[in-house]
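Note sheet for the following structure.
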Amino acid sequence: MKTEVKKIDSAKREINVEVSGDVVKNKFEDVFAKIGKEAKVPGFRPGHAPRDLLEKHYSGAVHEQVLKELVPEIYNQAIEKEGLDVIELPEISDVKLDRSSLIFKAVVEISPEIALKHYKGVKVNYKRITVTADEIKRSLDSIKESRKADSVDDGFARSLGYPNREELEKAVERQLFIQKENQERSRIEGEIVERLMKDLDFKAPQSLVDRQLHEMLRQAKMDLALKGVQRQQIEEHEKKLTEELKPDALKQVRVYLVLAEVAKREKIANDDHMPRRVMEFLLKEADWKESA
């Protein structure tokens, strides 16, 4: 197999592929054999028609089937040979196939090169989480007001499913602690991402940005519909909504690609759980320091 890779831009490559000899000949023979088993040729039982009649009646179908099977096989071998990290299905063109050779061109979009230097030992400033008596009181007062109660006493606590006021206060404290813990975790993750992204200059493939934008737009339209906004109004504002979502779509793709780069280097499986696993790795490897 001969392959030649040409750079179109930072994210696109053109691969010219040529394969000849037994690979192509054998594929034709395999397809003829499969079709010959079921071919209906007048005067012959399926599987017993002579080759020349199969050639006469089925050469077009065989040619199409060889293309259908051989192009993907050879394409996958070509990108593996060239070590290309392809992120989208290829645009195949200029296909030429005869009984002894296959030639085609594939334009592919690849993951950008990301010059990520230091991702272990990222400095993280964390805050010790505490819940004050005043915060608990404010939360209890809010619950009291929402239920139009006179006071937060044992009777009020029992109406909420707690044996007494003290247990209700403990439950509110736990809830506030978890809420603060989640907020702090989210802040720390954001801080790590910002530090990883700093000074990284790479172009996000447009196909990934478009895909993310499409998904975000679909979700935004669904949210508006659930809030009771009429379909016509949603469609009227679609263009504006798309423009508003573009920066976030680009940022999310760039973050995803950086996390994928870490995953590749650390041999973390690039599946649906990859971003979470990579973040857990980065948190484990971070340089933690308590803020004053």
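FYI, it's all coordinate maths here, none of it is from the lab. This is a predicted model, so every value here is computed, not measured. With ideal geometry, Cβ positions are generated from the backbone for all residues, glycine too; neighbour counts draw on all protein chains shown.
What is the helix-to-structure angle for 165-197, meaning the angle in degrees between its Cα long axis and the longest Cα principal axis of the chain, kept from 0 to 90 and rounded to the nearest 10?
Once rounded, the angle reads 40 degrees.
Mind ranking 14-21, 267-274 by how tightly packed they are, going by the mean number of other C-beta atoms within 10 angstrom, highest first? Before the final figure, lay out each step's value.
Values: 14-21: 17.1, 267-274: 11.5.
So the order, starting with the most tightly packed, is 14-21, 267-274.
Specify which labelled value, from [x] 1.20; [y] 1.07; [z] 0.95, agrees with Rg/Rh (Cα atoms, Kirkwood Rh) derived from the coordinates of the model shown.
Structure-derived value, by its label: [x].
Report, in debye and to the nearest 20, how large the dipole of the stretch 123-290 comes out about its Cα centre when Lys and Arg carry +1 and Asp and Glu carry -1 on their Cβ.
Values: 35 positive and 35 negative charges, 65 e Å.
About 320 debye.
Find the eigenvalues of the gyration tensor of the Cα atoms of the stretch 81-184, then list the square roots of 5 times those eigenvalues as equivalent ellipsoid semi-axes, largest first, in whole angstrom. The partial results should precede the final answer.
Working: eigenvalues 853, 89, 22 Å².
Equivalent ellipsoid of the stretch 81-184: 65, 21, 10 Å, largest first.
Sum -39500 (n - 2.57) across every DSSP H segment of at least 4 residues in the chain, then divide by the residue count to get the 222 nm mean residue ellipticity, nearest 500. Could the numbers behind the result be given before it?
Details: 9 runs with 170 residues, N = 292.
Estimated from H runs of four or more residues: -20000 deg cm²/dmol.
Once both axes come from the Cα atoms, what is the angle between helix 206-226 and the longest principal axis of the chain, in degrees from 0 to 90, rounded to 10?
Long axis of 206-226 versus the principal axis of the chain: about 50 degrees.
Which of Ser20, Ile79, Gln65 sits farthest toward the positive end of the charge dipole of the stretch 2-109, with +1 on the Cβ of Lys and Arg and -1 on the Cβ of Asp and Glu?
About the Cα centre, the residue reaching furthest to the positive side is Gln65.
Using the Cα centre of the chain as the reference point, and only Cβ charges (+1 on K/R, -1 on D/E), how large is the resulting charge dipole? Debye, rounded to the nearest 20.
Working: 55 positive and 57 negative charges, 52 e Å.
I would put it at about 240 debye.
Report the full-extension gain for the segment Asn182 to Val95: residue separation times 0.36 nm, less the Cα-Cα distance, to one decimal in nm.
Details: separation 87, 0.36 × 87 = 31.32 nm, distance 5.46 nm.
Once the chain is fully extended between Asn182 and Val95, it gains 25.9 nm.
Return one number: the angle in degrees, 0 to 90 and rounded to the nearest 10, between the long axis of the Cα atoms of helix 238-266 and the longest principal axis of the Cα atoms of the chain.
80
Between Asp153 and Thr242, what length comes free when the chain is fully extended (0.36 nm per residue of separation minus the Cα-Cα distance, one decimal in nm)?
Details: separation 89, 0.36 × 89 = 32.04 nm, distance 5.13 nm.
Full extension from Asp153 to Thr242 adds 26.9 nm.
Report the paramagnetic label zone for Ile114: residues of the stretch 6-22 whose backbone N is under 14 Å from a point 7 Å from Cα along the Cα-to-Cβ axis.
Within reach of a label on Ile114, which here means backbone N under 14 Å from a point 7 Å along Cα→Cβ, the stretch 6-22 contributes nothing.
By per-residue mean of other Cβ atoms within 10 Å, what is the highest-first order of 235-245, 61-71?
Numbers: 235-245: 12.8, 61-71: 16.2.
Packing order, densest peptide first, comes out as 61-71, 235-245.
Which of Phe202, Ala133, Gln233 sits farthest toward the positive end of the charge dipole of the stretch 123-290, with +1 on the Cβ of Lys and Arg and -1 on the Cβ of Asp and Glu?
Farthest towards the positive pole: Phe202.
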